[in-house]
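Data first, discussion second: the structure below is written as structure tokens.
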Amino acid sequence: MNDSPGWAKPGSSPSDDERPGTPADRPGTDGGAQQPTPPAQPAGDPKWSAEQPPPGQWSNPGTGQAPQPPAPPQPGTGWGAYPQQPGQAPHGGQQAPYGGQWGQQSPWGKPPAAKPGVIPLRPLGLGEILDGAVATLRTHARSVLPISFTVAIFAVLAITLLQGFAFDRLNELDGSLDSNTADPDDVVSALSGTLVAGAGALVITFFCTIVATAMLTMIYSRAVLGRPSSVGDAWRESRPQLLRLAGLTALVALGGIVIIAVGFVPAVIAGVAGMGAGGVLALAIVGGLAGFAVWVWLYVRVSLSPSVLMLERSTVLRSLSRSDKLVRGSWWRILGITLLAGLIAGAVEFVIGLPFNVVALISEGVSGGFSADSGVAMSWTYLTIIGIGSVVAMTITLPFKAGVSVLLYVDQRIRREALDLELARAAGLENYGGAPGSTPDAPGAPGTTPPPAGS
């Protein structure tokens, strides 16, 4: 067999006896004499093996070196590994969307994070939190708006009825007092009726807000993963936690009242002890401001507890403890984002309600309810027009504020507990941020807790 330099062994080559042009095939030649090597057969000759070496693996003529096998591919992370090609950037793995690598830093800058839903799966900035709340309201309007609209109808209706009933009774009492015919029993009855109506409206508004918060939390958690939601799904997922959420909200509200009331205790004690009015007033102002500051500090620390309770299926006390842990170290940031969201919601409510207020004032002036002496009479027409504006404003701002709270919770868990890995797994992004088959749970997260988003 011919082993002249410049040829590699592609496989089982034909023997010398079978090659065309050998002495056995050429008459008039000595069959035992060595003949020159025939030229190479063209590719595709049926007598040559179909298995040929890859391009670039032939040895150089005259060197006598054996061909080198191709270099094995380097292992990479992410969505599968492949060897680096000439002219390509060192990826170390399969390319992710936008030309980036999941969980890796690109030489040309940080690649965009995966975004299966309304937010990217990485620590969020202020604009991304606000944009995520608005994007969910826009893309999931069929689920969000019916919930907020229904809740707004019940809440505003209760408040409107309270205002109309209270002003009617107070107007009757005012007329009796002017004519000096008021009976003490009538005064007590009017005041007690007003208080009962106010308590009823407060209870209705409280439970409406609880239901809206619970259902909107579930919708926003699904929106993070890009999953569709329905009103029925949100109700089924949130219903088991409604009583706990009501208890949590009542506990936080009661705690705030107690803390602020404690701030006025020194002023009350000083007044009982006979201190002058100026000193008592000064103590009341200082104590009230101190109590309010303490309440704000505690409120921010437990502000994520509703999301914890709903998404981690937690208890009331554990939700308060978890919220305190998540907020720790980010108190000022969460306070600023919460205040900004409240200011935006307030501005939207003002802009939406302004035309309704103007129409209500005009209607009262036309109907004779407006005068320079008495101002605007709280008639049912006036209250109805104002109530319609309140329903429209609340329908839009209620889901926005709920969404900011949920996204703050998600952001804090991404920053502290690598929740983005768990969310990526729930969204179906296999091997996100790690080796194949690695789906680490977020540190500190309850082991038996399903990931937020109702997956």
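Structure notes:
- Pairs linking a residue in the range 286-300 that is surrounded by fewer than 15 Cβ atoms within 10 Å (Cβ to Cβ) and of a type outside the set (Val, Ile, Thr) to a residue that is at pLDDT below 95 and in a helix (DSSP H, G or I), with Cβ atoms under 7 Å and 6 or more positions apart or on different chains, are 292/260.
- Residue within the range 173-181 that is out of contact with any helix residue (DSSP H, G or I) (no Cβ under 6 Å at 6 or more places or on another chain), assigned to a helix (DSSP H, G or I) and modelled with pLDDT of 65 or more present: no
- The range 339-372 - residue that is surrounded by 17 or more Cβ atoms within 10 Å (Cβ to Cβ), modelled with pLDDT of 90 or more and not hydrophobic (A, V, I, L, M, F, W, C) and, of those, nearest to the chain's Cα centre (by Cα): 349
One line per residue, one yes/no per condition, for (1) surrounded by fewer than 18 Cβ atoms within 10 Å (Cβ to Cβ); (2) of a type outside the set (A, V, I, L, M):
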| residue | (1), (2) |
| --- | --- |
| 116 | no, yes |
| 129 | no, no |
| 132 | no, yes |
| 138 | yes, yes |
| 141 | yes, no |
| 148 | no, yes |
| 152 | no, no |
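- Single unsatisfied condition, residue 247 versus (1) surrounded by fewer than 17 Cβ atoms within 10 Å (Cβ to Cβ); (2) over 39 Å from the mean Cα position of the chain (by Cα): (2)
- Residue in the range 254-264 that is farther than 20 Å from residue 335 by Cβ, under 32 Å from the mean Cα position of the chain (by Cα), at pLDDT 90 or above and in a helix (DSSP H, G or I) present: yes
- Meets criteria (under 24 Å from residue 141 (Cα atoms) and at pLDDT 95 or above) for residue 423: no
- Residue among 314, 319, 303 that alone is polar (S, T, N, Q) and part of a helix (DSSP H, G or I): 319
- Restricting attention to the range 301-331 and to residues that are hydrophobic (A, V, I, L, M, F, W, C) and surrounded by fewer than 16 Cβ atoms within 10 Å (Cβ to Cβ), the residue that is farthest from residue 416 (Cα to Cα) turns out to be 317.
- The residue of the range 196-223 that is nearest to residue 303 (Cα to Cα), among those that are small (Gly, Ala, Ser) and within 15 Å of the chain's Cα centre (by Cα), is 214.
- Residue check for residue 253: loosely packed, with under 14 Cβ neighbours inside 10 Å and touching a residue at least 12 places away in the same chain (Cβ under 8 Å): no
The values are calculated or read from the model by the stated rules, or taken from the named source; none is laboratory data. Keep in mind that what you see is a predicted model, and the values were worked out from it rather than measured. Counting neighbours? That spans all protein chains shown, and the Cβs are built from the backbone with ideal geometry, glycine included.
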